[in-house]
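Worksheet for the structure shown next.
The values are calculated or read from the model by the stated rules, or taken from the named source; none is laboratory data. Everything quoted here is computed from the prediction, not taken from an experiment. As a convention, Cβ positions derive from the backbone with ideal geometry for all residues, glycine included, and neighbour counts pool all protein chains shown. SASA here: full protein model, heavy atoms, side chains in, ligands and nucleic acids out. Shrake-Rupley method; radii C 1.70, N 1.55, O 1.52, S 1.80 Å.
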Amino acid sequence: MRTGLKILLLLGLILFVSCSDSDDNPNPIVGGTTNSLWMLGDFEYTGGDASTNISSVTNTGVIAVSTLGQDNANGNYAGSSLSVTYSLNGGGTYTVVTAQELVTILDADPAAKLVVISCTAGTQRVDPLASSKFDSDSASRDTVIVTVDNEGKYHFSTRSSITLNKTIDIGTGIPNAPNVIDFSMDDVFDFLK
């Protein structure tokens, strides 16, 4: 029953859309930004809104960041939202996994450093609006650098691009969106908290 509750709470968190160890932090991409930055394929995004939800039951957090307004420069990829679900285990190198793996692994090892990434981009060139969602998996063995600042906020950066898989098209989806896409992030955090 407890594992079922954890899964439900974690899925609910995912839908709601200091320093690290010195030997775990070799040259992350951190630009000292005032709001979060990320790239999906060749398209760049800057966070305009952010929120965080923490669960003491599952010992996980979810940060949701999104762009604001119309982003016509990105064409069919105009506008994006990003959610990062993570174990609350301090700074260091976190392994990229799926949502189900996060639940399973944390149940066996509560100290595991894990992160789940979900990124949606949308097009404003069709009516009704449409988007495509891309999620992390564990097959690529990607990692994310996590730091925790003096206020206890978690910050997420990649050293290089990681791989996300398209999991769903909403509406008609982004025309010709690839099934696999590169993703990177630079100092993603809840800049509004």
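If I compute solvent accessible area with a 1.4 Å probe over the protein chains, what percent of it on the stretch 108-180 is carbon and sulfur?
Numbers: 1780 of 3530 Å².
C and S fraction of accessible area: 50 percent.
Shape of the stretch 110-183 from the C-alpha gyration tensor: prolate (a/c of 1.5 or more and a/b above b/c, with a ≥ b ≥ c the square roots of its eigenvalues). If you take all other residues with their beta carbon under 9 Å from the beta carbon of residue 153, and give Lys and Arg +1 and Asp and Glu -1, the sum is -2.
Is the C-alpha gyration tensor of the stretch 30-93 telling us rounded, prolate or oblate? Criteria: a/c under 1.5 is rounded; beyond that, a/b larger than b/c is prolate, otherwise oblate. It comes out prolate by the Cα gyration axes.
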